[in-house]
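Student: Take this structure first; my questions come after.
The values are calculated or read from the model by the stated rules, or taken from the named source; none is laboratory data. Only a predicted model underlies this, so the values are computations on that prediction, with no experimental measurement involved. Please note: Cβ atoms are built from the backbone with ideal geometry, for glycine as well, and neighbour counts cover all protein chains shown. These area figures cover heavy atoms from the full protein model, side chains too; ligands, DNA and RNA do not enter into them. Shrake-Rupley method; radii C 1.70, N 1.55, O 1.52, S 1.80 Å.
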Amino acid sequence: MLVRTLIHFDLVAMLSIKKILPWLSIRSKLIIAFAGLSVVPVAFVGLHGIFSNVQMIKRIAFENLTHDVQTMREKASNFLANVDSDMRLMRNSSYMRRLVNSLDHSSREEVAHALRQANAELVGFAETKQIYYQIRMLSGEGDELFLVEQDGTTDSDHRYRVVPAAELRAGREIFYFLLVSGVSLDQIAFAPAELLDGANERVPVISFALRLAGKEGDVGILIANVFAKDLFRVMEAKLHFDTQARVALVSSDGHYLYHSEKKKDWNKLLAAREEDNLHHDYPPEIAAGILSPDEGTVAEGVDDIICYAPLFLSLANVSEEGEKSATALTFHIFESVPKDVVLGPVYSFAGTFALFLILFLVTAVGLGLVATQQFTKPIAALQAGADIIAKGNYGHRLQVETHDEIEKLGMQFNSMAQSLEEHESEIEKHRLKLEEMVQQRTRELTEEKTKLQAVLDNVPSAFVLLDKDYRIQTASAAFTAVTGFHLDDVRGKDCATIFCGDGFCRQCVSRLSMRSGQIESHIDEVTDRKGGERFIEHVAIPMRENEEINSILEIITDITKRKQFEQRLIHTERLAAAGEMSAIIAHEFRNSLTSIKMILQLQNESNRRSLTDRRSLGVALNSIYHMERVVSELLNFARPSPMEFRTENLCDVIEESLKFVKLQLNKKRIHLRKALGKKSLVMTLDAARLKEAIMNILLNAIQAIESKPTLTSKEEILVSMGRIHLRKTLREVVYAESSRDRREKDVPSRKETGSQEGEEIVLRTGTECVLISISDTGPGIPRNLVPRIFDPFFTTKTNGTGLGLPMVKQTINAHRGLVSLRSQKGRGTTFEIYLPFLKRT
């Protein structure tokens, strides 16, 4: 059945060569077929044998490793169970019961007698067992009552001594009390540890602790420190892979307690070394399997064959982190053998088989070359002649003499070449005539194109021609000036990848026009490379041919100046209206308020008024004073006093502003943090106006924090200052009063206020400035209100005038500086003031 399958496979493979490898020559296909017939059956049988042997050897290795691990686990469990029995035997012994009972209410002499008797018994017990490094007892107060320990003789013959009372420790030992806390009287707690002997050498042990209880409760702890090496010695049984196998005992957190290869010296526990652990030596999934509560074997994903099993204990234990468990999976045993050791014979057989397979392959290829040469040589000659004719040499004739079908094919090629030669002569005549006509038409089109290009190049807008796939075909001369891209760099690319990626075009009007079939337009607000604001208008016109849109003409125009003019006009009209309103209020209400205030003051000073009347008059006067302050703010905004620039210390100005609001900050329990840097920063400024602007921002911050529904102890205002060099250009158009207002006598001129109508303040990249930042932890400003925050008369307060922040902006602009804000709803607001270092005449 196997032979029939192999023959069928070879036939199918040989018949499918033409379909699978159409690019190979006939000779190559035949050679592949010969090689397949000779090599594939041998390879199939050999690989089948190798695979079977690998599976069988793995199965045997798994069985042997499983037997070794089960044997080691059984011995380790018996060892620990013996220690458990010894602990219970010592606790229930007569001398230990007498000692426990004497600790309740007996005299010191009785306790000392019981201790001497217990020491004598325990020395004999330890010398009999030969596995204990120390046997100790701690009192309920943590004092060491007795200590029987090895006296440091040879490893093979332990001698024990009773430590004198003068050398016993006094004071509570937290480790052992933590070890037995939460453990019942019937349970023995244990944990791996390292102790120092008399020569300050580390001794690896496993500490076992058992609570001792008298009639009135716990009287102490019985402790037995077992040599860890005695536990490891029981694991040194004869293994099936005695020399190559690696045996290890690990804790539940992956630290090695014993490793046959990594640690032959047992002077210290491997668990105390972070670099030698299971997670360091094996991948995470392998380590997790070994530390699982299941038995198993692993052969995939690692270079070894590993067999592992858990070591269950019914004792209470405490991990190195101090966590306790009554019945925990404490240790894990595993044995690993390198795959090279187990599969060595298979690898040797595979190498020999590979050599024979190569020999079969070389022989088959050699025989194939000899057999196929007899009919591939004339085919090669026929192919070479056909290539020459295909290149245009129709006068060439093939010379093939094989007296078979290949020779007839050569004669047909010669007839075809003669026919092609006659047709080529006739085609040449027509080509020359057509070429002359094309040249004439090309000259005419070039002249028309030159005229059209001259017209387009002199238009300030950029004309861009896109094909139906939105690829850039050509553009006018203004393309680079408007877009910032060179035509040669973007020709043939999708317009969306060029323009939309940099934010130059946020909505593709070309795609909208292609879908709608109509002219589409859109205006984008972008930022130029210097950080300035630009407005770009995109107009897309569909170009039709035979009632189908085959291209798009996009007209790109920079309308920044037009937009700025529109914004300037709107803002000028708004400020003119504010100025007119302020002037009306000042002229119409100031004199009337003065008269009313004088009458109310006279009435309030009259002795004939009752106390109730005086209180009513006081409320009325307070209202008049409030109205006067509002009128004063309006007058200061509409007719600001001239700026008085002097050389001042900016730090002093800020400190004076902070002193003004300090009382309110303390009253509202708002913390003030300062980061002013240098104590002296001298520059030209109007100290009074700048101090007023900073106080205005601080008062707004206090009111914002106060408006929160609930105040916390973390409410604060941060004021910082520092010298910086701008990383980007900042610009803003500022406006003064309208021309009509400035013509009035009592209104200061532009020169007096330090501002000019329609003037643009530009702080370019690299300009040295002072940055004053004022941040608060208030509720923040909604995003839709941020653009209007500096508009006159805009306020969200019930008793506000909406002139504080506009006056702040007016003052900062007069210093040739800029003010901006950043705010996030629920996270506070930050005002940033940029004051440049400028010389003033």
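Student: Please list, in chain and number order, the residues 5+ apart from Tyr133 or on another chain whose amide H is under 5 Å from its amide H, with Hs placed from the backbone.
Tutor: Asn225, Val226, Phe227
Student: Show Arg116, Arg609 ordered by accessible area, largest first, where the area counts protein heavy atoms only and the probe is 1.4 Å.
Tutor: Largest accessible area first, the list is Arg116, Arg609.
Student: Could I ask something else about it? Find, among the chymotrypsin sites (Phe, Trp or Tyr not before Pro) in segment 421-503, those assigned to loop by DSSP (not H, G, I, E, B) with at most 11 other beta-carbon atoms within 10 angstrom.
Tutor: Those that pass, being in a loop and sparsely packed, number zero.
Student: If a/c stays under 1.5 just call it rounded; otherwise compare a/b with b/c (prolate if a/b is bigger, oblate if not). Do that for segment 336-398, with a ≥ b ≥ c from the square roots of the Cα gyration tensor eigenvalues.
Tutor: Cα axes put segment 336-398 in the oblate bin.
Student: Could you tell me which of rounded, prolate or oblate describes segment 163-238, using a ≥ b ≥ c as the square roots of the eigenvalues of the alpha-carbon gyration tensor, with rounded for a/c under 1.5 and, failing that, prolate when a/b is larger than b/c and oblate otherwise?
Tutor: oblate
Student: Something else about it: What order do you get for 420-433, 209-222, 347-360, 688-701 when each peptide is scored by the mean count of other beta carbon atoms within 10 Å, highest first?
Tutor: Ranking, from highest mean packing down: 688-701, 209-222, 347-360, 420-433.
Student: If r is the Cβ-Cβ distance from Leu432 to His396 and R0 is 25 Å, what FRET efficiency results, to the nearest 0.05?
Tutor: Here the calculated transfer efficiency is 0.55.
Student: Further question: If I take R0 = 22 Å and measure r between the Cβ atoms of Lys668 and Arg827 in this structure, what FRET efficiency does the formula 1/(1 + (r/R0)^6) give, to the nearest 0.05?
Tutor: Computed FRET efficiency for Lys668 and Arg827: 0.70.
Student: Moving to a separate point now. Classify segment 104-231 from the C-alpha gyration tensor, please: rounded if a/c falls under 1.5, else prolate or oblate depending on whether a/b exceeds b/c.
Tutor: It is oblate, given that a/c is not under 1.5 and a/b is not larger than b/c.
Student: Ranked from the most accessible area to the least, with a 1.4 Å probe and all protein chains present, what is the order of Arg614, Arg73, Arg562?
Tutor: Most to least solvent-accessible, the answer reads Arg562, Arg614, Arg73.
Student: Shifting gears a bit: Mind listing the long-range amide H neighbours of Ile305? Cut-off is under 5 Å, sequence gap 5 or more, other chains count too, H placed in the peptide plane at 1.01 Å from N.
Tutor: Val337, Lys339
Student: Under 16 Å from a label point 7 Å along Cα→Cβ of Leu553: give me every residue in segment 441-465 with its amide N that close.
Tutor: The answer is 448-465, whose backbone nitrogens lie closer than 16 Å to the label point.
Student: What nm value, rounded to one decimal, do you get for the distance between Glu63 and Ser348 when each label is placed 7 Å out toward the C-beta?
Tutor: 2.2 nm
Student: Multiply the residue gap between Leu452 and Val302 by 0.36 nm, knock off their C-alpha separation, and tell me the result in nm, one decimal place.
Tutor: Extending this stretch completely gives an extra 46.6 nm.
Student: Run the numbers for Ile523 and Thr767: contour at 0.36 nm per residue of separation, minus the present Cα-Cα distance, in nm.
Tutor: 84.7 nm
Student: First select every other residue whose beta carbon is under 15 angstrom from the beta carbon of His522; then total the charges, Lys and Arg +1, Asp and Glu -1.
Tutor: Its environment carries a net charge of -1.
Student: May I ask you to derive the relative contact order of segment 173-214, considering only C-alpha pairs under 8 Å and at least 6 residues apart, and to give it as an integer percent?
Tutor: About 39 percent, as a whole number.
Student: Quote to one decimal, in nm, the extra length available between Val42 and Glu759 on full extension: 0.36 nm per residue of separation minus the C-alpha distance between them.
Tutor: Here the segment from Val42 to Glu759 would lengthen by 248.8 nm.
Student: Sticking with this one: Listed here are the pairs Lys691/Lys728; Lys668/Lys728; Lys391/Lys493; Lys229/Lys339; Lys58/Lys129; which of them are more than 31 Å apart at the Cα?
Tutor: Lys668/Lys728; Lys391/Lys493; Lys58/Lys129
Student: Using modelled amide H (1.01 Å from N, peptide plane; none on Pro or chain starts), what sits under 5 Å from the amide H of Tyr160, excluding residues fewer than 5 places away?
Tutor: Here the answer is Asp151, since their amide H atoms fall under 5 Å of that of Tyr160.
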